[in-house]
Amino acid sequence: MIDSPASATDTEVAAAAALAGAEIVRARYGRLHSRIDKGGGDFATDVDVAAEEAILDVIRGARPGDAVHGEEGGRRGAVDAVREWLVDPLCGTLNYATGSHLVAVNVALRNGPAAVADPFSGEVFLTDGVTAWVQYDGDGDGYGKGWTGVRGRRVAGHASGPVARRRPVGEERLAPTGDTRLVDVNLDPPFPGAPAFRAVDLLAHPGFVERFRPRVVSTTLALAWVAAGRRAAYVTDGGDLSGSVHFAAGIALCRAAGCVVTGVDGGPVGPEGRGLVVAADAETHGLLMSLIRGRGRSV
């Protein structure tokens, strides 16, 4: 539920929805979960489905006329709806199923505000479409006894119970930087860019290991970490990722934070784009693009 849903901003709706899903993910962590096979080695769990329903409840209550495209349930709502929310209720299902905390909950209004919630740190990465910030939620009771504040406004959520936190309650503007030299590279199939581009080749390039240190995290947390200055860049193959439930929220965060966002070919991310390169700054982006394009053996 959101108090006074008609007066809530889209950013507040995104935050409350993401936290609703994050509470489900956190509360059911460590239990046995039923699996739903998607083919090709991919699967969902009952937690993915339950988290998506919790997210949809928030969006429906606040924006009943909007459509929602969820990873598990597909597109729902009026066919002619002008606005559409993109929802990935558990980004990193395989990580979660094997006991890892490296997961995220993504909620994004297409071409608008977005939220990425970390169920285990109490952090919510937010953008209103113009600026980007991270909110640390903590008053001794996890997600604040069912409340989350968005820029000073109290918005009711579905969360309750304790959660591990790294920081006290508050917020901080996202400030990307390439100083860490840590680059997350997505190695999950499929690989539509092969043989012209293969992420594994980037990792083996001598110039890459001279300048960067690779990490492999297949989750939107990687994009949020670039926006927050915890990673220098993120690289993945793929097609048009701008409307993907997996990437839309993270891309929105990085753009608002001032990151350089392109495809692996250096072109714009969109219908004609391919894959994703998100870098904290132009220098880092230029170095990565030089390696991807194979310009020499050292940079």
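The values are calculated or read from the model by the stated rules, or taken from the named source; none is laboratory data. Owing to the predicted nature of the structure, the values given are computational and were not obtained by experimental measurement. Neighbour counts run over all protein chains shown; Cβ positions are idealised from the backbone, glycine included. Just so you know, the surface numbers come from the protein's heavy atoms only, side chains and all, with ligands and any DNA or RNA stripped out. Shrake-Rupley method; radii C 1.70, N 1.55, O 1.52, S 1.80 Å.
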Query - Relative packing of peptides 81-90, 259-268 - highest average C-beta neighbours within 10 Å first - result: 81-90, 259-268
Query raised in the report: Ranked by accessible surface with a 1.4 Å probe, highest first, in what order do ASP237, ASP184, ASP179 come?
Result: ASP179, ASP237, ASP184
Query - Solvent-accessible area of LEU187 with every protein chain in place, 1.4 Å probe, in Å² to the nearest 10 - result: 60
Report summary line: A chain fully extended from ARG181 to ASN111 at 0.36 nm per residue, minus the present Cα-Cα distance, gains in nm 22.2 nm
Query raised in the report: How high is the relative contact order of segment 193-269, in percent, with contacts defined as C-alpha pairs under 8 Å that are six or more residues apart?
Result: 27
Query - Accessible area, probe 1.4 Å, largest first, for residues VAL269, VAL13, VAL49 - result: VAL49, VAL269, VAL13
Query raised in the report: Taking the alpha-carbon centroid of each part, what is the distance from segment 9-47 to segment 177-250 in angstrom?
Result: 23
Query raised in the report: Per-residue accessible area for GLU53 at 1.4 Å probe radius, Å² rounded to 10?
Result: 70
Query raised in the report: What is the sum of charges around ALA194, taking Lys and Arg as +1, Asp and Glu as -1, for the other residues whose C-beta is under 15 Å from the C-beta of ALA194?
Result: -2
Requested in this report: Percent of Cα-Cα pairs per 10 Å bin, from 0 to the last occupied bin, for segment 6-50, please list those.
Outcome: 24, 37, 26, 12, 1
